[in-house]
Structure formats: structure tokens, C-alpha cells
Amino acid sequence: MADYHHGELAVQHRAGLRDPAAGSLRAIRDAVPEAAALFLARQPMIVIGAADASGRLWSTLLTGAPGLLAVPDPRTLTIAALPTAADPLGAVLRESGTRVGMIAIEPATRRRIRLNGVARPEGEGVRIALDQVIGNCPKYLQKREYALLPPDRGGRRTAVRRGEALTTVQQLTLATADSFFIATASPDGDADASHRGGNPGFLQVLSPTRLRWPDYAGNAMFLTLGNLELQPRAGLLVPDWETGGLLQLSGTAHTVWDGAEAAAVPGAQRLVEFRVEAVQETQDAVRLRWSDPDFSRFNPPVAQG
């Protein structure tokens, strides 16, 4: 089990934790427990974050029938899928040695687990040698049930749109989102992927190239903010739960520690601002469709106006 790096420790101390490593480090393992392996085996999707060939961070979504994910041994995860060549991570996940951060969530039960390691392609999928396995609490996860459409009815990637700023429609998508995923990395390239959730409106669109969201009380490890303290590059993924579309953003992020600004946002302990540098939107990207959300009771209200 590795220690926290100095970015994570700096954020923990700034957040007021007196002895951050004492308890939370025990939640970080180097192998998959048996219960977690069973959890992974029934999941139809996993979010994966990594840097592309230019060093830009992205998040993407890999999906399939249960059995998509397997744990052949406690230090290995296999994924029976790869992104398409058009995906920002399509090329690097077909190369060996890519550092990846992943998160598997089960919205129906509000369970999730994060896994980080080194990937290499294997057949039509990818094999990851794991070095971190991290359990997360169920806060801010919206409850949903899924349906997996047959190949002739979903996942056809009918349109791909790229840009350097958000369109008006994309801004509306973000302003009404209740969930997104964020990939970050340490200066050494160790990647991580995490979930952010809240009531619609918690993700604020300040301009076509600038977003902001509240950082709510969580597991107190500050893995995401710790990475951003040292390495501002980040990749956001916003799935369209109804249509199977994916909105992928790459840019830079930083933590806003101003107490007065955070106090104006219900539930916020601090804020995070993200500057958009690249956008890719894919319609009908995956075969999964999800029910309307049952919002988490932990979601703070969203300020109006």
C-alpha cells in the first residue's frame, strides 16, 4: 500500500485534517477483495481515464453485458472491450504500458469501486495490472436501473462532433446533469478516475470554456484534488443516461479555496473550476439506457438564480 503523495497531503492539511493518513489509507488496497470481484463481474460498464499521446487527459466509457469485467487474480482486471478508434483514448488503450484510472459504479445499489493500474491490450479487450483498489461511499450517486440494447439498436455512434468550446446545446446538457466522471493524474502519470454527483444544476456552466462545481464532503482522501494540486490536467465524461450519448471534455482544473465563494453554494466545502480545451460529443455511443434517477438523499440543494 503506497503512501499519499505530497499533493494529496497538502490538500488534506489545507482542508483541516490533522492526521489524514491514519484511517483513510486503510481503504486503499493493492488487490481486489473477493466481494469486490463478484461486484465487478455483474457490471455492464466501467469508466476509464488516461492521457492521450499528447498528454491530454480524457475519460471514456466501456460497456457490455455482465461479464465485461473479470478478475482472473486479485491483482488483475480484464475488460472485454476497447474504445473505438475515434475515441480520444482509442489509440493509447491499444498500446502497452498505459497508466489508467477506472471506476465501476452500480447505480441500482449506489455502490462503486475505483481501480488504478497499468493496461495492455489483450485480444479485443484490455488487461490491467492493478496497483490500487479503492472502496468509495455511496454519497451523491443517483439510483438508476439499466437496459442493454441489442447491437442493431444501440451503440452505433451515429455522429461525432469535436470542438474547442461548448455549444449551446452542450452547455444545457451540462447545466442539467446530475452526474459526471473526472480523470486526473499525478505528475508521475499515475491516473485516477472519480465520480461527481448532485442535483441538476450542481455543475455550473460559467462560459463556453469554463465550468465550476462544488466539492462536497466525501471520503477525506482527496485523491482527485491532490492530483490537481500538482498536475492541473483533467478529463470529464458526462454520459447521457437516456440516449447512450457521451460528452467528453479535456482541459485543466484547479481548486478554489475562497471560503466566501464556497459559502454561497449549498453543501460546498470548496469549489473546483475547469477550463475546457477540447470537446468530443458522440451520439448513441453505447448500448446502455437507464431509468429516470432516484436522487441521492445526500445531495445538497442547488442555489437558484
It is to be established whether one or more residues within region 88-96 are surrounded by fewer than 22 Cβ atoms within 10 Å (Cβ to Cβ), closer than 20 Å to PRO44 by Cα and within 19 Å of the chain's Cα centre (by Cα). yes
Where ASN136 falls short, out of the listed (1) modelled with pLDDT under 95; (2) surrounded by fewer than 18 Cβ atoms within 10 Å (Cβ to Cβ): (2)
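Under 20 Å from GLY198 (Cβ atoms), out of contact with any Leu (no Cβ under 8 Å at 6 or more places or on another chain) and open to solvent by 10 Å² or more (accessible area, probe 1.4 Å): is that true of ALA217 in this structure?
In short, yes.
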Any chance you could count how many residues in region 210-219 are modelled with pLDDT of 95 or more and either assigned to a loop (DSSP other than H, G, I, E, B) or within 22 Å of ARG162 (Cα to Cα) (or both)? 4
Please work out which one of (1) open to solvent by 10 Å² or more (accessible area, probe 1.4 Å); (2) more than 30 Å from VAL276 (Cβ to Cβ); (3) free of Cβ contacts under 8 Å to residues at least 40 places away in the same chain is the condition ARG75 fails and give its number. (3)
Which one of these is more than 27 Å from HIS254 (Cβ to Cβ), charged (D, E, K, R) and modelled with pLDDT of 95 or more: ARG114, ARG127? ARG127
Selection count where residues are open to solvent by 10 Å² or more (accessible area, probe 1.4 Å), in a loop (DSSP other than H, G, I, E, B), under 17 Å from GLY101 (Cα atoms) and in contact with a helix residue (DSSP H, G or I) (Cβ under 9 Å, 6 or more places away or on another chain), scope region 220-241: 2
Would you call ILE48 open to solvent by less than 20 Å² (accessible area, probe 1.4 Å), modelled with pLDDT under 90 and either under 18 Å from GLU124 (Cβ atoms) or within 21 Å of the chain's Cα centre (by Cα) (or both)? no
Residues being open to solvent by 50 Å² or more (accessible area, probe 1.4 Å) and not in a loop (DSSP other than H, G, I, E, B): count how many of those fall in region 282-305. 2
Within region 191-209, considering residues that are buried (at least 21 other Cβ atoms within 10 Å of the Cβ) and not in a strand (DSSP E or B), the one farthest from the chain's Cα centre (by Cα): PHE202
Output the number of residues of region 48-74 satisfying the condition of being outside any strand (DSSP E or B) and more than 24 Å from GLY154 (Cα to Cα). 6
Any strands (runs of 3 or more DSSP E) falling wholly within region 93-151 and containing at least 1 residues that are aromatic (Phe, Trp, Tyr) and under 30 Å from TYR216 (Cα atoms): 146-148
In region 259-281, how many residues are surrounded by fewer than 19 Cβ atoms within 10 Å (Cβ to Cβ), among the hydrophobic types (A, V, I, L, M, F, W, C) and either on the phi > 0 side of the Ramachandran plot or part of a loop (DSSP other than H, G, I, E, B) (or both)? 1
Taking the criterion of being part of a loop (DSSP other than H, G, I, E, B), of a type outside the set (Ser, Thr, Tyr), surrounded by 14 or more Cβ atoms within 10 Å (Cβ to Cβ) and modelled with pLDDT of 95 or more, would at least one residue in region 3-18 satisfy it? no
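The values are calculated or read from the model by the stated rules, or taken from the named source; none is laboratory data. Treat the numbers as computed from the prediction; the structure is a model and nothing was measured. Neighbour counts run over all protein chains shown; Cβ positions are idealised from the backbone, glycine included. Surface accessibility is based on the protein's heavy atoms, side chains included, excluding ligands, DNA and RNA. Shrake-Rupley method; radii C 1.70, N 1.55, O 1.52, S 1.80 Å.
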